[in-house]
Amino acid sequence: MKIKHQLRALYLLEAVSGFGLAQVIWVVLLAGRGFSLAQIGLAEGFFHLVSFFCEVPSGMAADLFGRKRTLAAGMAVRALACLAMIASRGIGGVCLAMGLSALSYNLLSGTREAITYDSLLQANRAGDYERVAGRMGVLFRASAMGCSVCAGAALALGWRLAYLTDLFAALTGLVLALGLTEPPCGQKASAALREFRARLRRHVADTGSFLRCNPAAVEKMLLDGACGCCAYFGGQLLQQRLMELGLPGGLLGPALAVMGLAGMAGSALASRVGGRFGRVAVACAAGIGCSLALAGAPVLSLALTAGAAATFWDGLLEVKMTARLNRDFPSDRRATLVSVQSMAYSLAMLPVSPLAGALCDRFGYSGGMAALGLGLLSLVAAGLVLTGIRNRTQ
């Protein structure tokens, strides 16, 4: 394997994965089609319901059948999701598209991290993973930021053409995925299909054993899921909140680009932030919670600044958390365990997205965002208390 060629292809795939002209403003697009915030929250909840059930099986597919094939399948399903949204007429069609989008997300998440880490491992460069992951995070967010800058154009084009653009991006990602090289562990896993049932049972048992024997890893996954959930949905709600506070529609793209730049800065600085991981993780979680609570303020400049701060802390935590967990994951179960990490995110989203949407309908965007931020801060505080109690009793 030529590691430079492999990394170049993975960087391009990450940039394409972050591209989503309609995806960055999907809440605004659905609201413009006449859907209520409760319906939008329901659609988001359905996304994470599908993701909850498909996350781990998709990770197992990557470990058992190969990461390259799984990435290609993920991009193909993303293209189908765009077609489903273009054809949708009501909330049922929207939920179908969201379900396909969730499956695509499941097939990609965990698989990209696994193929990247194992490619570096084969080249005896596993120590470079945090730096490579930081670059990938920057590329992903830069691509999303580019779409954010074009948010005004997406609104002018209309939701159908916006999703058609995303369809072409998904097809480009499919071509890139097919051009990757499978690391040795993936090649080994995709063979001997006659033994699939026995290998699957052994794979499930080994994964369960790892989780039981590593409670600290499970706690990290849960914290990461809660933080990612609040940061993502808070950012989606903030789009409409900024316009509610008087931001012209034509400036929505630049405003979202500012938040994207903040996320890129967090990802880029992650490899330079030292100190004990636990303290860094708690600081990031508290930063996200405080920022979201402040983003509900009735002042446009403060809401935008707080939203950017939340994105910064989320970008920093994402890279640090993924790098820390990948050091502990065995190669033959890496994609599955990263999928378990993503499942924690979906588990948090199941109650949060419809509840936050309902709170926004009832109390406005300010109340919904404040609830997200304060809820996350309460969770972090409770976790610190429980950790202190557990340490004193051991």
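The values are calculated or read from the model by the stated rules, or taken from the named source; none is laboratory data. These figures come from a predicted structure and were not determined experimentally. Note that each Cβ is placed from the backbone with ideal geometry, even for glycine, and that neighbours are counted across all protein chains shown. These accessible areas exclude ligands, DNA and RNA; they are computed on the full protein's heavy atoms, side chains included. Shrake-Rupley method; radii C 1.70, N 1.55, O 1.52, S 1.80 Å.
All told, Gly152 falls short of being surrounded by 20 or more Cβ atoms within 10 Å (Cβ to Cβ), at pLDDT below 90 and among the small types (Gly, Ala, Ser). Listed conditions (1) closer than 20 Å to Ser148 by Cα; (2) in contact with a Gly (Cβ under 6 Å, 6 or more places away or on another chain) are all met by Gly59, apart from (1). Annotation for the stretch 59-78: no member residue is open to solvent by 60 Å² or more (accessible area, probe 1.4 Å) and modelled with pLDDT of 95 or more.
Condition first: hydrophobic (A, V, I, L, M, F, W, C) and within 15 Å of the chain's Cα centre (by Cα). Can you find one or more residues in the stretch 86-101 that meet it? Yes; the residues of the stretch 86-101 include at least one that is hydrophobic (A, V, I, L, M, F, W, C) and within 15 Å of the chain's Cα centre (by Cα). Only residues that are part of a loop (DSSP other than H, G, I, E, B) and either charged (D, E, K, R) or within 30 Å of Gly250 (Cβ to Cβ) (or both) were counted in the stretch 109-157, giving 2.
If you go through the stretch 86-98 and keep only what is open to solvent by 10 Å² or more (accessible area, probe 1.4 Å) and under 28 Å from Val340 (Cβ atoms), you end up with Cys95, Leu96, Met98.
Conditions (1) touching a helix residue (DSSP H, G or I) at 6+ places or on another chain (Cβ under 8 Å); (2) modelled with pLDDT under 85; (3) of a type in the set (A, V, I, L, M, F, W, C), marked per residue:
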| residue | (1), (2), (3) |
| --- | --- |
| His203 | yes, yes, no |
| Leu211 | yes, no, yes |
| Lys220 | yes, no, no |
| Asp224 | yes, no, no |
| Leu237 | yes, yes, yes |
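Residues in the stretch 24-58 that are within 30 Å of Pro330 (Cα to Cα) and open to solvent by less than 10 Å² (accessible area, probe 1.4 Å): His48, Ser51, Glu55, Ser58.
Residues that are under 16 Å from Leu222 (Cβ atoms), small (Gly, Ala, Ser) and assigned to a helix (DSSP H, G or I) occur in the stretch 325-341; there is at least one.
The residues of the stretch 313-343 that are hydrophobic (A, V, I, L, M, F, W, C) and either open to solvent by less than 10 Å² (accessible area, probe 1.4 Å) or more than 11 Å from the chain's Cα centre (by Cα) (or both), listed by number, are Trp313, Leu316, Leu317, Val319, Met321, Ala323, Leu325, Phe329, Ala335, Leu337, Val338, Val340.
Considering only the stretch 31-70, state which residues are among the polar types (S, T, N, Q) and more than 23 Å from Glu113 (Cα to Cα). It would help to see each step written out before you state the result.
Taking the stretch 31-70 first, the residues among the polar types (S, T, N, Q) are 36, 39, 51, 58, 70.
Within the stretch 31-70, Ser36, Gln39 meet the criteria.
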